[in-house]
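Working notes, structure below.
The values are calculated or read from the model by the stated rules, or taken from the named source; none is laboratory data. If you're wondering where the values come from, they're calculated on a predicted model, not measured in any experiment. Neighbour counts are summed over all protein chains in view; Cβ atoms, including those assigned to glycine, are modelled from backbone coordinates with ideal geometry. All accessible areas refer to the heavy atoms of the entire protein, side chains included, with ligands and DNA or RNA removed. Shrake-Rupley method; radii C 1.70, N 1.55, O 1.52, S 1.80 Å.
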Amino acid sequence: ARAILESLCIAWEKGYRQLEIECDNALLVESVLMGGAASSKLVKLHLINAYLKRNWKTRIRHIPRSQKMAADRMAKYTYDNQFGLKLF
């Protein structure tokens with residue numbers, strides 16, 4: 001939930017008005033898409049719901065972990081290396 005919230009916040013601040021988010025947590029995606037975020041007691045889910053109601057186009061979808069192994073390896077590589085810029 002924190003990663004989704006941070007991505008929404010950053011995208012809004014940067015002026016992006018179309019955003020597609022992929023998440024490997026099926027329960028979280030279902031909760032957000034079915035409106036569970038609005039009735040949740042978790043602050044992060046309330047904030048996600050508030051961002052999604054803003055004037056922009058967003059799409060959140062579940063992607064199985066097995067389909068994002070390359071992206072995970074690239075992300076892990078950035079943590080293992082001391083230099084900031086990564087080109088793949």
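Taking residues in segment 48-61 that are among the basic types (K, R), and partners anywhere that are at pLDDT below 90 and open to solvent by 40 Å² or more (accessible area, probe 1.4 Å), the pairs with Cβ atoms closer than 8 Å and at least 6 places apart or on different chains are R61/E22.
For segment 17-36, which residues satisfy the criterion of being farther than 19 Å from A71 by Cβ and within 14 Å of the chain's Cα centre (by Cα)? Before the answer, list the steps.
Within segment 17-36, the first condition is being farther than 19 Å from A71 by Cβ, and the residues that meet it are 17-18, 27, 30-36.
Q18, L27, E30, S31, V32, L33, listed by residue number.
Note on segment 8-20: residues that are open to solvent by less than 20 Å² (accessible area, probe 1.4 Å) and touching a helix residue (DSSP H, G or I) at 6+ places or on another chain (Cβ under 7 Å) amount to 1.
Checking A75 against (1) at pLDDT 90 or above; (2) surrounded by 10 or more Cβ atoms within 10 Å (Cβ to Cβ), only one condition comes out false. Which one? Only one criterion is unmet by A75, namely (1).
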